[in-house]
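No value in this document is a laboratory result; all are computed from the given coordinates. Computed from a predicted model, the values in this text were never measured in an experiment. Neighbour counts are summed over all protein chains in view; Cβ atoms, including those assigned to glycine, are modelled from backbone coordinates with ideal geometry.
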Amino acid sequence: MTQNFIFFNKWVQENVGIDLDNYKERQMQRRITNIMNSTGAKTIEDYARILEKDRDAYNAFVKHITINVTDFFRNKEIFEIFERCFMQEVVPRFEHIKLWSAACSTGAEPYSLAMILNKNKVRNTSILATDIDDNILARARQGEYAKAELTKVEPGDLLKYFSEIGPDRYAVNKEIKKYVSFEKQDLLGTKYPKNVQVIVCRNVTIYFKLEARDEVYRKFSEALSKGGLLFTGATETINEPSKFNLEKVDTFIYRKV
């Protein structure tokens, strides 16, 4: 790592609260360089000074490095497998069910989970949705989406769970919003919730170094109740789930043992 990026990583940790050392180095440096160049900064030190003075640039930086990519029912076939496993394994086992959507981005994932709960009439449930980016959380709480973001939502569900609020723009109904509470949380820093029956964290750990990724999976396992499920992304496979007290249930779905 160059001295310039060592300086910048320290600056980000002190001023943003994100430890970039946990991310894959070349990938993160490329992302930082790309957004830095868009501001006209010539050096990483100049870019840090811009971020200190320009709130819009600061917010854009945080959004860029936290990789907010999401979709309703992302990888729909895999999501359907998760729904089946959830109904067969979790619902009969637990009287009260807490789901955690970690790194929830703009809210598509926790609202997808809420629709599953509502359609299947699963009671005594709640969804905690967390992300590191305050601006993204604000948008998630608002629950408004362009029609292009809802292509995987079934037409009947679009009518039932969303209200049209403008040309090709929809808002999540209160019936679905009431399932979800949003909180700020850093997977690589702050404490994890406890006694969770389902954790959904998809296509996030692929950006982490191996040591950081293993630490996240260890903490996920500790957060899960025995018999609870961890649902990962279509680009993520836990090679040795047993070392985290997990066992594979189906594609990208693991059970706490």
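Expressed per residue, the C-alpha convex hull volume of the stretch 1-149 stands at 146 Å³.
Fully extended, how many nm does the chain gain between residue 34 and residue 77 (0.36 nm per residue separation, minus their Cα-Cα distance)?
Numbers: separation 43, 0.36 × 43 = 15.48 nm, distance 3.38 nm.
Length gained between residue 34 and residue 77: 12.1 nm.
Across 227, 143, 166, mean-square fluctuation computed from a Gaussian network of the chain (C-alpha pairs under 10 Å connected) peaks at 166.
In terms of distances greater than 24 angstrom between alpha carbons, the cross-link table entries 152/248; 191/226; 63/98; 76/219; 10/194; 24/152 yield 152/248; 63/98; 76/219; 10/194; 24/152.
Given the options 135, 120, 59, which has the most mean-square fluctuation in a GNM of the chain, springs set between C-alpha atoms less than 10 angstrom apart? Evaluated over the chain, the most mobile residue of the options is 120.
Return the percentage of antiparallel bridges among DSSP beta bridges fully within the chain, rounded to the nearest 5 %. Don't skip to the answer; put the middle values down first.
On the way: 15 of 33 bridges.
Among the beta bridges of the chain, antiparallel pairing accounts for roughly 45 percent.
Can you give the angle from 0 to 90° between the axis of helix 25-39 and the longest principal axis of the chain, with both taken from C-alpha atoms, to the nearest 10? With both axes taken from Cα atoms, the answer is about 70 degrees. Placing +1 on the Cβ of every Lys and Arg and -1 on the Cβ of every Asp and Glu, with no other charges, gives the stretch 17-104 a dipole of roughly 180 debye about its Cα centre. Computed from the Cα positions only, the extents of the stretch 92-152 along the three principal axes stand at 35, 26, 15 Å, in decreasing order.
The angle between the Cα long axis of helix 76-85 and the main principal axis of the chain comes to about 50°, on a 0 to 90 degree scale.
Simple rule: put +1 on each Lys or Arg Cβ and -1 on each Asp or Glu Cβ in the chain, find the dipole, and look at 122, 246, 135; the Cα lying farthest toward the positive end is 122. Ordering 248, 174 from the fewest to the most neighbouring beta carbons within 10 Å gives 174, 248. In Å, the Kirkwood hydrodynamic radius of the stretch 76-256 over pairs of distinct alpha carbons? After inverting the mean inverse Cα-Cα distance, the result is 16.7 Å. Stretching residue 64 away from residue 134 to a fully extended chain increases their span by 23.9 nm, per 0.36 nm per residue minus the current alpha-carbon distance. In this label model, residue 84 and residue 218 are separated by 3.5 nm, measuring between points 7 Å along each Cα→Cβ vector. According to the Kirkwood relation over distinct C-alpha pairs, the hydrodynamic radius of the stretch 3-65 is 11.6 Å. Between the listed residues 18, 51, 65, the Cα displaced farthest toward the positive end of the dipole of the stretch 3-65, a dipole computed from Cβ unit charges relative to the Cα centre, is found at 65. The charge dipole of the chain, taken about the Cα centre with unit charges on the Cβ atoms of Lys, Arg (+1) and Asp, Glu (-1), comes to about 480 debye, rounded to the nearest 20.
Note on the stretch 152-257: with charges restricted to the Cβ of Lys and Arg (+1) and Asp and Glu (-1), its dipole about the Cα centre is near 340 debye. Here the sum of -39500 (n - 2.57) over DSSP H runs of 4 or more residues, divided by the residues of the chain, equals -12000 deg cm²/dmol at 222 nm, to the nearest 500.
Axis of helix 55-65 versus longest Cα principal axis of the chain: the two differ by about 60°, to the nearest ten degrees.
Computed from the C-beta positions of residue 163 and residue 234, the FRET efficiency with R₀ = 41 Å rounds to 0.85.
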